[in-house]
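The values are calculated or read from the model by the stated rules, or taken from the named source; none is laboratory data. Just so we're clear, the structure is a prediction, and the values are computed from it rather than from any experiment. Heads up, the Cβs are rebuilt from the backbone with ideal geometry, glycines too, and the neighbour counts pull from every protein chain shown. Keep in mind that these areas ignore ligands, DNA and RNA; they rest on the heavy atoms of the full protein, side chains included. Shrake-Rupley method; radii C 1.70, N 1.55, O 1.52, S 1.80 Å.
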Protein chains: 2
Amino acid sequence: MCELLGMSANVPTDICFSFTGLMQRGGNTGPHRDGWGITFYEGKGFRTFKDPNPSCHSRIAELVQEYPIKSCAVISHIRQANRGGVSLENTHPFTRELWGQYWTFAHNGQLTGYEKLDTGRFKAVGDTDSEIAFCWLLNQLEARFPERPENMDALFDVMAECCDQLRTLGVYNMLLSDGNLVANYCTNKLYWITRRAPFGKASLIDEDMTIDFQQETTPNDVVTVIATQPLTNNEDWTRMLVGELCVFEQGEVIYRRHGEPHPDAKGTP
Amino acid sequence: MCELLGMSANVPTDICFSFTGLMQRGGNTGPHRDGWGITFYEGKGFRTFKDPNPSCHSRIAELVQEYPIKSCAVISHIRQANRGGVSLENTHPFTRELWGQYWTFAHNGQLTGYEKLDTGRFKAVGDTDSEIAFCWLLNQLEARFPERPENMDALFDVMAECCDQLRTLGVYNMLLSDGNLVANYCTNKLYWITRRAPFGKASLIDEDMTIDFQQETTPNDVVTVIATQPLTNNEDWTRMLVGELCVFEQGEVIYRRHGEPHPDAKGTP
């Protein structure tokens, strides 16, 4: 399995704090030694840093932790390989252009029977279940919407249906962004938190590090962080439900297709 | 105008030396202050570093200069904006997937009438003439070859014809790679050099720096460097002709469609 980290914000925000927590899971506090990657959007463009080596020993990961790249939409992933070998082409996130925008995708989970998915014109370059699922999803969206739809809720409805289909193949926790939207789909573990004024302090679970967001923000900032496990131990993270699709724009929820309770949940979540 | 730098090698080779020379043209010895980018292939995967800021002041450019990323195929570009604003989405190189491979492209020159090019399913994200030309080129290749052809010479013939068409729109010097091949098309300035045993020393034109390749290589290494201007002042660079397409694989020429002499050339080149 792997770890996911996403961010949606209304002002360009750096993700150094959360990324520092995630990176520790890349071989130090976690077993995810098979690569990591992070994509930052800047306008319609993006930059991706990735490495098939463990994140806790990566010089490029050090740069990303130290260098405050500010972005309104971020997708990140650290990997423990289950499908597909350890190589750069199998390292998330994956990016493809659709409707004149770059779409970026990362997946946590494991699928079976994915080889039969018809990806149409979107061909996978590597051999992971994740990249094939991504290509299939984009192909489905393009088949239904040859142009980017004006009614985005219609797009999200179809996206949710497609994610439901992928969930029938196994565990499918997903982050997907076009640089403006950050869409998240949960099978079994995906948590989010929205930070806004009045900002407090937060302490990382994976590293002895505390941040006072009040020092780092202005009163109008809205920043949502999404992760496969809560990254801080003194804040209330919302656990997404089974089959829930939640889409953020500028840090705010703009679409939510509710899911079902987790089998392991006690009572109503 | 811009500067291009490409490399094709038969063993993973770092490009720090040549990149150091190129970076100086990004605001120090050259006027190309509007961004830079570099793509390194590793197997079927790639990494791209890019920045809309001048290369000579970029922290990411420093990392690339100091960190010997080894690759058999590299495409790099520094930019002086003429078409399209200064932004990340307008910063070369550009990458798209075709036939299950990532194709990466950089362009030197300036085109007119490019808005009318039909790019089909490959939509430009930014608004440069270069990205539109790239999308059009891929669309043409896919229209002629729905699958990657086994006869690569047939592909290169079509590629050369397409580049000829783009040259009718203006100056079109191009680097294009799928990670295995590095294809180069010249309108007015593109030079290359193949280094192989016995290796000698080389001195950069743009910075007081000499390298002894014998210390850095094994006797079987073959490394070709392609650039819009020779980067060293003590080696013989081959100037490509007008309309010439030259394709390298593992450092060796595997296809050459000869061009015409340059109008500014004295006698036969």
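Residue check: A:MET159 meets all listed conditions (1) open to solvent by less than 40 Å² (accessible area, probe 1.4 Å); (2) closer than 20 Å to A:TYR255 by Cα; (3) not in a helix (DSSP H, G or I) but one, namely (3).
If a residue has to be modelled with pLDDT of 85 or more and under 21 Å from B:LEU4 (Cα atoms) to count, how many in region B:203-224 make the cut? If you could, list the steps in order and put the result at the bottom.
Within region B:203-224, the first condition is being modelled with pLDDT of 85 or more, and the residues that meet it are B:218-224.
Those left that are additionally under 21 Å from B:LEU4 (Cα atoms): B:222-224.
Here the count works out to 3.
Every condition in (1) of a type outside the set (Gly, Ala, Ser); (2) more than 23 Å from the chain's Cα centre (by Cα); (3) part of a helix (DSSP H, G or I) is met by A:LEU137 except one, and the failing one is (2).
As a summary of the residue check, A:ALA73 satisfies the conditions (1) open to solvent by 10 Å² or more (accessible area, probe 1.4 Å); (2) under 21 Å from A:ALA9 (Cβ atoms) except for the one numbered (1). Taken together, B:ALA154, B:ALA183, B:ALA197 contain a single residue that is at pLDDT 95 or above and open to solvent by 10 Å² or more (accessible area, probe 1.4 Å), which is B:ALA154.
Which residues, taken from region A:116-144, are open to solvent by less than 10 Å² (accessible area, probe 1.4 Å) and among the hydrophobic types (A, V, I, L, M, F, W, C)? I'd like the intermediate steps shown before the answer.
Here is the first cut: in region A:116-144, the ones open to solvent by less than 10 Å² (accessible area, probe 1.4 Å) are A:122, A:125, A:128-131, A:133-135, A:137-138, A:141.
Within region A:116-144, A:PHE122, A:VAL125, A:ALA133, A:PHE134, A:CYS135, A:LEU137, A:LEU138, A:LEU141 meet the criteria.
In the set (1) open to solvent by 10 Å² or more (accessible area, probe 1.4 Å); (2) over 14 Å from B:GLN110 (Cα atoms), B:THR168 fails one condition alone, (2). Somewhere in region A:163-174, is a residue in a strand (DSSP E or B) and hydroxyl-bearing (Ser, Thr, Tyr)? No, region A:163-174 has no match at all.
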